[in-house]
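Reviewing the structure listed below.
Read-outs throughout are calculated quantities, based only on the coordinates presented, and are distinct from any laboratory measurement. Model, not experiment: these values are computed from the prediction. Every residue, glycine among them, receives a Cβ derived from its backbone with ideal geometry; neighbour counts consider all protein chains shown.
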Amino acid sequence: MVIKIIGACMTLGACATMGFTWAGIYEKRPRQLVSLGQGLQLLETEILYGATPLPEAMEQVALNCSPEVSSLFSCTAAELRKMEGVTAGEAWERAVAKFSAHSALSQKDQQILRRFGVSLGATDREDQAKHLKVALSQIRLAVAEAEAAAKKNAIVYKYLGFLGGLLLVLILY
């Protein structure tokens, strides 16, 4: 009897943990988008007001932004430094691909970053600022969408994990 109770508690705990893990993905996306927006604002400041060369600007942003997204900017800086003849857009694209592999960003979010990267380093400072403002406005819209989805879906997954575990316990025991 004790073994059944322990097994039921473990099953319930495992299912609840799965639900909280899935909910965490929905809750992580808005945080990452907000951090990306802050990083892009820092990049705008470095480019427009500091007139900092792009590799150094990326490194400065990586040092000053949230650890959740600093790898995107540091990877871009590394790509720009290690390969001769690589454009800033190509370096950004590679960094976005690496960053996206371990982030909670959706395909739509990644597309915003990729579209921004096309113009990165290809135009003058004022034009770069315009492209940054467009990317920032798109990220703000994505944040609002992600927060709404997180509010709705995170609760559902938390309850689904717990109640699914409870159902499994009732069926098995």
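What to note about this one:
- In the calculated pair-distance distribution of the range 5-155, the portion above 21 angstrom amounts to 46 percent of the Cα-Cα pairs.
- Helix 88-101 vs. the chain, principal-axis angle (Cα, 0 to 90°, nearest 10): 10 degrees
- Ala14 paired with Lys98, simple spin-label distance in nm, labels 7 Å along Cα-to-beta-carbon: 3.6 nm
- Length-normalised contact order for the chain - Cα pairs under 8 Å, 6+ apart - percent: 40 percent
- Going by neighbour counts of Cβ atoms within 10 Å, the residues Met1, Met58, Met18, Met10 line up, fewest first, as Met1, Met10, Met18, Met58.
- A convex hull fitted around the alpha carbon atoms of the range 13-59 yields 68 Å³ per residue.
- Label zone at Met1 (point 7 Å along Cα-to-Cβ), backbone N below 20 Å, the range 132-173: 169-173
- Label-point separation in nm, Tyr173 to Lys130, each point 7 Å along Cα→Cβ: 6.6 nm
- Subset of Lys98/Lys152; Lys82/Lys130; Lys28/Lys108; Lys82/Lys108; Lys28/Lys98 violating a 26 Å alpha-carbon distance limit: Lys98/Lys152; Lys82/Lys130; Lys82/Lys108
- Counting only the Cα atoms, the range 78-173 fills a convex hull of 114 Å³ per residue.
- Taking Cα atoms only, the orientation of helix 2-44 departs from the longest principal axis of the chain by about 20 degrees.
- Taking the longest Cα principal axis of the chain as reference, the axis of helix 107-119 is set at about 10 degrees.
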